[in-house]
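Coordinate-derived values only; no laboratory data. Not measured: the values here are computed from a predicted model. A quick note on method: Cβ atoms are made from the backbone with ideal geometry, for glycine too, and the neighbour counts reach across all protein chains shown.
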Amino acid sequence: MVLESLLIKVKKTISHTKNYGHVNPPPKSSIIKRSRIGVLAFEIAGIMPKITHMWRFLSDENINHFRKELMSLEGVFKIVSKKESLLLGLACAELVENVRILAKTVARLSRRCEDSSLGCFETVFDVFANTGHDPYGWVSSLKDMEVKIKKMERYVMDTAALYREMDELTIIQNTTSIFTILSRIKLIFGINNEYPPTSIPRSLSASAMVYPSNQTTNPWKTVSKSAKHLDKNDISHGFFETNSKILTPSSNTLGYAGLSLHYANLIIVMEKMIRSPQLVGLDARDDLYSMLPNSIRWSLRGRLKGIGFRASDPALAGEWREALGKILGWLSPLAHNMIKWQSERSFEHQNRVAKTNVLLVQTLFFAKQEKTEAAISELLVGLNYIWRFEREMNAKAFNLFKNVDDHTVN
């Protein structure tokens with residue numbers, strides 16, 4: 001009922017916005033000037049795939065899929081947080097940060113435009129983020145946005161069309177898209193009177209417009225004067241500043257310690273070894289040990305004390321395999337997601353469009369360091385046993401065959 005009530009409230013707010021206090025945009029001719037932007041067209045075209053990918057991720061279907069996937073990741077609840085509101089807040093914060101970064105590129109290009117309204121895009125966008133105030137009416141309806149997105153996708157897929165339609169690729173296409181995407185994020189996560197969000201409405205498709213109210217009370221300072229005359233110092237409690245704080249990992253997390261990527265690689269290496277312990281040689285075992293930070297080495301030494309050197313119990317080996325499988329079942333997905341997230345944001349791939357929709361909240365970045373290291377230590381203890389068990393079984397099998405050969409020869 002809470003989700004449904006929130007959706008009804010958002011709809012009423014949007015309806016109210018249409019009829020009250022909305023600043024009429026300037027004449028269309030003053031917004032869209034078909035400037036000859038030359039080589040900049042290619043840079044603008046490079047932004048388009050990122051915009052379309054981001055917009056597609058925000059569809060009802062993809063958001064519902066993301067929510068189900070996030071809630072099904074057992075590892076997130078074990079080593080990140082059990083609070084759904086915190087997890088959603090982290091997801092929302094990363095999406096907003098992605099929009100902010102993309103908007104920086106658009107702002108840089110906008111300064112080269114003849115249109116004065118586009119020249120102050122950065123300030124207008126900050127005002128919009130903080131207050132919901134949209135003086136130029138740059139937020140599009142869902143229907144109009146879909147038309148723009150399909151048009152962008154067509155240009156990206158067809159290089160010939162890109163050349164023919166170069167005059168169409170003006171900054172305004174990217175400007176309105178950035179505004180609309182941020183509006184969509186705010187609507188999806190219910191960012192109006194509450195930030196960070198605590199829930200996601202189950203359905204958003206009934207809403208014809210995507211932007212939240214300009215007039216309802218919100219935690220950001222209301223700006224009454226014309227946006228293009230505003231200086232950034234006029235805006236307090238900035239939306240993006242607050243958002244950045246949410247994305248800053250706490251001191252007890254792997255992200256804060258700078259270990260999230262290292263531990264992801266470590267977990268994936270152990271996963272391969274656990275699946276095929278009979279193929280693990282002494283060199284590979286030593287290499288794995290060299291990857292361990294001191295905190296895990298000390299923990300491992302304490303765990304291995306009192307454990308005998310023999311590992312010949314098949315029942316115990318089976319129990320360890322089952323236990324390790326359960327741990328990897330919830331820990332491994334976060335490690336693989338960490339690698340995916342990092343690889344898509346590496347320097348080599350920074351100009352490419354992400355192929356997945358993995359967010360940091362689905363990785364090891366916000367995982368508690370102590371809990372993660374405890375799980376890794378458990379994996380190492382179990383791996384140590386089944387590795388020794390396999391070696392002993394192989395040694396017995398070798399001796400058995402050797403004795404048979406010797407007997408046959410004699």
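Can you sort 144, 286, 115, 126 by how many other beta carbons sit within 10 Å, fewest first?
Ascending Cβ contact count within 10 Å gives the list 286, 144, 115, 126.
Apply the Karplus curve 6.51 cos²θ - 1.76 cosθ + 1.60, θ = phi - 60°, to the phi angles in the range 330-341 and return the couplings in whole Hz, x for Gly and Pro.
Each residue's phi maps through the Karplus curve to give 9, 8, 4, x, 5, 5, 5, 5, 4, 5, 4, 4 Hz.
Starting at the first residue of the range 141-151, write each ³J(HN,Hα) from the Karplus equation 6.51 cos²θ - 1.76 cosθ + 1.60 with θ = phi - 60°, in whole Hz, x for Gly and Pro.
Once rounded to whole Hz, the list reads 6, 4, 5, 5, 5, 4, 4, 5, 5, 4, 5.
Quick one: length gained pulling residue 374 to residue 344 fully straight, 0.36 nm per residue minus the C-alpha distance?
Full extension of this stretch gives 7.9 nm more.
Arranged by the count of other C-beta atoms within 10 angstrom, fewest first, what order do 262, 133 take? Walk me through the numbers before you get to the answer.
Values: 262 16, 133 22.
Fewest-to-most ranking of 262, 133: 262, 133.
For residue 141 paired with residue 312, estimate the spin-label separation in nm (one decimal), with each label point 7 Å from Cα along the Cα-to-Cβ line.
In this crude spin-label approximation the distance works out to 8.0 nm.
Under 5 Å between amide H atoms, partner at least 5 residues away or on a different chain: which partners does residue 115 have, H built in plane at 1.01 Å?
Residues meeting the criterion, in which the H sits 1.01 Å from N, do not exist here.
What is the set of long-range amide H partners of residue 253 at a cut-off below 5 Å, with H atoms built 1.01 Å from backbone N?
Under 5 Å from the amide H of residue 253 lie the amide H atoms of 369, each far enough along the sequence or on another chain.
For the range 367-380, what does the Karplus curve 6.51 cos²θ - 1.76 cosθ + 1.60, with θ = phi - 60°, yield as ³J(HN,Hα) per residue in whole Hz, taken in order and with x for Gly and Pro?
Result, ordered by residue: 5, 5, 5, 4, 5, 5, 5, 5, 5, 5, 4, 5, 4, 5 Hz.
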